[in-house]
Amino acid sequence: MPAFDSAFAIGSLQLDRRLMMAPMAGVTTTPFRQSVRRWGAGLVFTEMVSSHGIAYGNRRTLEYLACGAEEHPIGYQIFGADAAIMARAAEACVAAGADLVDINMACPVRKVVKTGAGAALLGAPDTAVAIARAVVAAVPVPVTVKLRAGLRQGDGLGRLLARRLVDAGIAAVCMHPRTAAQLYRGVADHSLTCALATSLPAPVIASGDIVGRDVGASLLDGGCAAVMVARAALGRPWIFSQILLGAPLPEPAARLKELNLFVEETVKAMGPRAVGYLRQFWSRFRSSGTIDRGTARELMHASDTTAVQALLASAGPFCTESALHL
Ligand SMILES: Cc1cc2nc3c(=O)[nH]c(=O)nc-3n(C[C@H](O)[C@H](O)[C@H](O)COP(=O)(O)O)c2cc1C
């Protein structure tokens, strides 16, 4: 099995480890990416960005393209169903600093699928391939695609499309082996990911239920080039050092220090909008034993960033029994 900290390449992009932070809409902002990097995440991704929003210069959308000088290597993920617009969006991503452009063919959310984008492309393979070709031709960086197993159980659409995408010039495929119909329920069937990894002439990155070192290692063993952590990193950025190095759970004080730094950087980057953004993390940091239940509850109701930071400043290091076994 290749080690998590061994090098590999996606097209022309050399990476020094096989452990990545998955793209997550509403989550993978610059401060979040910086937080997981501190603990060993390799390639990180932006949230998925609308190609239409980029092409038409939507101010909010363009904010997603900002990335700091220390954020490399970084992949930008775009979604859309129009090949020419996707190509223009990919060019803008590269101008903004993308080391890699990823095309989302995995998102099952209705708002995205009804426009023909995201997982809908699994059911429109000719369009998917046309988009891939257009994006590959438009940018000098490697282009990857994130796929689901299919639209519905057993249709095999992800595997079939992956082969055509690689023929069209895609440098790697990320497989999240749930179907679009499953949304985020059930378990990720990584027998599909490993079967793809051993048959596709391009690296396959595994996404789905990667919650620890053993799961990740079994996927590298099964032929995957790298693994991508998503939900398990919420409230537990240190999961990356646990997977990469087999490091122990950090001490309570170190966990609280990381949370404070993440919050400080989020407030700096987002201003008042940080309050709403951070709400999704409080229960996660509670279940990782970083803050206690009462503090999490109060943070949930905090109405401004001053209140958030004051609550955290008065919170002492906390550690539950269960946290020790994470
Ligand atoms: C809140 C949330 C937002 C997500 N946003 C994206 C996204 O923007 N692009 C994408 O390709 N996948 C997205 N995903 C899917 C994840 O990248 C990942 O493939 C999926 O959650 C499975 O991994 P997990 O079981 O480790 O969470 C999202 C998942 C969640 C829970």
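The values are calculated or read from the model by the stated rules, or taken from the named source; none is laboratory data. These numbers were taken from a predicted model, which means no experiment stands behind them. Glycine gets a Cβ as well: all are built from the backbone with ideal geometry, and neighbour counts include every protein chain shown. What goes into the accessible areas is simple: the full protein's heavy atoms, side chains included, and nothing from ligands, DNA or RNA. Shrake-Rupley method; radii C 1.70, N 1.55, O 1.52, S 1.80 Å.
So here's what we get for this one:
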item	result
Computed [θ] at 222 nm, helices only, for the chain once each DSSP H run of length n ≥ 4 contributes -39500 (n - 2.57)	-12500 deg cm²/dmol
More than 38 Å apart - percent of Cα-Cα pairs taken over the chain	13
Charge sum, other residues only, whose C-beta stays under 13 Å from Pro125's C-beta, Lys/Arg counted +1 and Asp/Glu -1	+1
Size of charge dipole - segment 1-56 - debye, nearest 20, with Cβ of Lys, Arg +1 and Asp, Glu -1, no other charges	120
Local electrostatic count, Pro108, Cβ distance below 10 Å [Lys/Arg +1, Asp/Glu -1]	+3
Whole-number accessible area per residue in Å² for segment 1-134, which is evaluated in the context of all protein chains at 1.4 Å	38
Relative contact order for the chain, counting Cα pairs under 8 Å that sit 6 or more residues apart, in percent	14
Within segment 252-325: Cβ-based charge dipole about Cα centre, in debye rounded to nearest 20 (Lys, Arg +1; Asp, Glu -1)	160
Accessible surface, segment 193-326, averaged per residue in Å² (probe 1.4 Å)	44
Whole-percent carbon and sulfur share, accessible surface of the chain, 1.4 Å	55
Farthest toward positive dipole pole in the chain [+1 Lys/Arg, -1 Asp/Glu at C-beta], among Ala195, Ala81, Leu62	Ala81
Under 24 Å from the Cα of Lys257 - lysines, other chains or at least 8 residues apart	Lys268
